[in-house]
1. Counting only Cα atoms, I'd like the Rg/Rh figure for the chain, Kirkwood definition for Rh.
2. Could you give the DSSP H helices of the chain that reach 15 angstrom or more along their long axis (alpha carbon positions) and whose average Kyte-Doolittle hydropathy is no lower than 0.0?
3. Given a 1.4 Å probe, how much area per residue of the chain is accessible, in Å²?
4. Give the value in nm², to one decimal: projected area of the alpha carbon convex hull of the stretch 1-46, averaged over all directions.
5. Per DSSP H run of n ≥ 4, the term is -39500 (n - 2.57); total these for the chain, divide by its residue number, and report the mean residue ellipticity at 222 nm rounded to 500 deg cm²/dmol.
6. I want to check the label-to-label distance for Glu80 and Val99. Put each point 7 Å from Cα in the C-beta direction and report it in nm to one decimal.
7. Counting only protein heavy atoms and a 1.4 Å probe, tell me what percentage of the chain's accessible area is made up of carbon and sulfur.
8. Students often forget the sequence filter, so: which lysines lie under 21 Å Cα-Cα from Lys12 once same-chain residues fewer than 8 apart are removed?
Amino acid sequence: MGVVRDVWLVTKELLETVTAPWSPEEREERLKAVEELLRRREKLLGALRPPYSEEERALGRDIVAWNRDIAERLKAVQDEIRRDLRMAGAKRRANARYVHPYEQPLSLDGMFYDKRR
């Protein structure tokens, strides 16, 4: 039962790491911790060999249920990062327009166009 128990412990630690609230300042450290836990778990999963006892099957059911929660939370973090990158790009473009207002072509929005001339 040693390997299954080890996978269960690493998965539990991973679940606790991803479900705790993340501030933008500590996001990078948290992502490094998640990557390390995933690496450890991957090594342990490679060492799993059947047959499993009933207790190991119960631990496996916990691991599968936790995997869904972990995947949902990591997807939410990915969406947060994507949104932050979009906002940073928009801020950069807005700042560039503010600093260099005449480099952009003029828009015809709100301008009167006389088609006879």
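1. On the way: Rg = 25.3 Å, Rh = 18.4 Å.
Value, to two decimals: 1.37.
2. On the way: long enough: 2-19 (26 Å, 0.56); 27-46 (28 Å, -1.16); 54-99 (67 Å, -0.96).
Length and hydropathy pass: 2-19.
3. Working: 9530 Å² over 117 residues.
Here the per-residue accessible area is 81 Å².
4. On the way: hull surface 11.7 nm².
Hull-based average projected area comes out at 2.9 nm².
5. Values: 3 runs with 84 residues, N = 117.
Calculated mean residue ellipticity at 222 nm is -26000 deg cm²/dmol.
6. 2.9
7. Values: 5220 of 9530 Å².
Summing carbon and sulfur atoms, their accessible area is 55 percent of the total for the chain.
8. Lys32, Lys43, Lys75
The values are calculated or read from the model by the stated rules, or taken from the named source; none is laboratory data. Everything quoted here is computed from the prediction, not taken from an experiment. Note: ideal-geometry Cβ built from the backbone for every residue, glycine included; neighbour counts use all protein chains shown. With ligands, DNA and RNA removed, areas are computed over all heavy atoms of the protein, side chains included. Shrake-Rupley method; radii C 1.70, N 1.55, O 1.52, S 1.80 Å.
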